[in-house]
Every structure is written in structure tokens, then in C-alpha cells.
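*Asks:* Starting off with a structure, shown below.
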């Protein structure tokens with residue numbers, strides 16, 4: 001009989017990563033004015049006809065920011081959504097520009113690090 005249980009997220013590992021980067025995360029969450037000026041620096045956002053899921057600030061706020069607000073607690077399904085956001089909706093080209101000085105690329109890279117800590121990686125062929 002096949003075991004179809006999903007892996008259980010390693011919350012302490014996520015919390016360790018978040019705590020080690022709390023200064024940068026807090027600054028990003030506090031300073032983001034939701035002005036969307038970063039959007040124009042993202043070629044993926046521009047090529048996806050303004051889909052907000054490709055906006056640099058959206059990627060950060062709905063990945064690392066969401067985990068921070070939940071104190072690192074997330075279901076496997078929520079982590080998989082985060083994986084898609086930081087890997088599939090971003091190529092990490094580092095062109096993101098925030099007029100307030102938020103280092104969005106490093107925060108998205110932090111989201112990728114958290115995903116990798118949970119054995120979640122970029123998926124190249126979703127049909128398989």
C-alpha cells in the first residue's frame with residue numbers, strides 16, 4: 001500500500017532562518033509603502049501584462065513576509081505556493097529596484113533558501 005502523506009514542514013528550521021535574518025525582514029516589511037514602483041524594474045511583471053504575482057514586492061511580501069507574520073509556521077501546501085512564487089515567478093536577475101532601498105533580490109533569495117531547507121526546489125516539468 002502506497003503512503004500518500006505529505007512531508008511535515010520543519011518549522012524550527014524555518015524559524016532559525018527567519019530569526020537569523022530578522023533585521024532585514026523587519027526593515028523590508030516596515031519600509032514597503034506598497035507603491036508598486038518596483039514593478040517597472042521587473043521584466044517578468046512587464047511581460048505578464050501587469051499580473052501582480054510577478055511584482056517584486058508581491059513576491060517578497062507573500063513569501064518571506066507571510067512566513068514572518070506566521071512565525072515560520074506553514075503547511076506543506078503553503079510552502080509549495082511560496083516555492084512557485086520565488087522560483088517560478090522570479091529569475092533572480094537582481095534588477096528589482098526599490099526607491100526606498102529595500103533589497104528585494106536578497107529577500108527573494110532568502111525565500112529560496114527557506115524552500116531549499118524544506119526540500120522544495122524549482123520544478124521544471126509540472127506535467128510529469
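The values are calculated or read from the model by the stated rules, or taken from the named source; none is laboratory data. Computed from a predicted structure; not experimentally measured. Ideal geometry is used to build each Cβ from the backbone, glycine not excepted, and the neighbour counts take in all protein chains shown.
*Asks:* Any chance you could count how many residues in region 106-128 are touching a residue at least 24 places away in the same chain (Cβ under 8 Å) and surrounded by fewer than 20 Cβ atoms within 10 Å (Cβ to Cβ)? Working first, answer last.
*Replies:* To start, the set of residues in region 106-128 that are touching a residue at least 24 places away in the same chain (Cβ under 8 Å) comprises 106-108, 110-115, 117-123.
Within this subset, residues satisfying the condition of being surrounded by fewer than 20 Cβ atoms within 10 Å (Cβ to Cβ) are 106, 113, 117, 119, 121-123.
Of the residues in region 106-128, 7 are touching a residue at least 24 places away in the same chain (Cβ under 8 Å) and surrounded by fewer than 20 Cβ atoms within 10 Å (Cβ to Cβ).
*Asks:* Just to be sure, is residue 98 in a helix (DSSP H, G or I) and either over 24 Å from residue 125 (Cβ atoms) or in contact (Cβ under 8 Å) with a residue 24 or more places away in the chain (or both)?
*Replies:* Working: in a helix (DSSP H, G or I): no; either over 24 Å from residue 125 (Cβ atoms) or in contact (Cβ under 8 Å) with a residue 24 or more places away in the chain (or both): yes.
The answer is no for residue 98.
*Asks:* Looking at region 43-59, is at least one residue closer than 15 Å to residue 113 by Cα and in contact with a helix residue (DSSP H, G or I) (Cβ under 7 Å, 6 or more places away or on another chain)? Write out each step before concluding.
*Replies:* Filtering region 43-59 down to residues closer than 15 Å to residue 113 by Cα leaves 59.
Checking the rest, the ones that are also in contact with a helix residue (DSSP H, G or I) (Cβ under 7 Å, 6 or more places away or on another chain) come to 59.
Looking through region 43-59, at least one residue is closer than 15 Å to residue 113 by Cα and in contact with a helix residue (DSSP H, G or I) (Cβ under 7 Å, 6 or more places away or on another chain).
Residue-wise test of (1) over 13 Å from the mean Cα position of the chain (by Cα); (2) more than 23 Å from residue 121 (Cα to Cα); (3) outside any helix (DSSP H, G or I).
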position	(1), (2), (3)
26	yes, yes, no
44	yes, no, no
65	no, no, no
68	no, no, no
85	no, no, no
94	yes, no, yes
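*Asks:* Could you run through region 24-35 and say how many residues are surrounded by fewer than 14 Cβ atoms within 10 Å (Cβ to Cβ) and free of Cβ contacts under 8 Å to residues at least 60 places away in the same chain? Even if it seems obvious, please write down each step before you answer.
*Replies:* So in region 24-35, the residues surrounded by fewer than 14 Cβ atoms within 10 Å (Cβ to Cβ) come out as 26, 30-31, 33-35.
Within this subset, residues satisfying the condition of being free of Cβ contacts under 8 Å to residues at least 60 places away in the same chain are 26, 30, 34.
Residues in region 24-35 being surrounded by fewer than 14 Cβ atoms within 10 Å (Cβ to Cβ) and free of Cβ contacts under 8 Å to residues at least 60 places away in the same chain: 3 in total.
*Asks:* What's the total number of residues in region 48-102 that are at pLDDT below 95 and buried (at least 21 other Cβ atoms within 10 Å of the Cβ)?
*Replies:* Going through region 48-102 one residue at a time, the tally reaches 1.
*Asks:* Checking residue 114 against (1) in a helix (DSSP H, G or I); (2) over 19 Å from residue 7 (Cβ atoms), only one condition comes out false. Which one?
*Replies:* The number of the failed condition is (2).
*Asks:* Could you tell me which numbered condition residue 56 fails, if it satisfies all but one of (1) under 18 Å from residue 18 (Cβ atoms); (2) in contact (Cβ under 8 Å) with a residue 40 or more places away in the chain?
*Replies:* The number of the failed condition is (1).
*Asks:* Same structure again: Given the conditions (1) over 17 Å from residue 106 (Cβ atoms); (2) buried (at least 19 other Cβ atoms within 10 Å of the Cβ); (3) over 15 Å from the mean Cα position of the chain (by Cα), which single one is not true for residue 38?
*Replies:* Among (1) over 17 Å from residue 106 (Cβ atoms); (2) buried (at least 19 other Cβ atoms within 10 Å of the Cβ); (3) over 15 Å from the mean Cα position of the chain (by Cα), residue 38 violates only (1).
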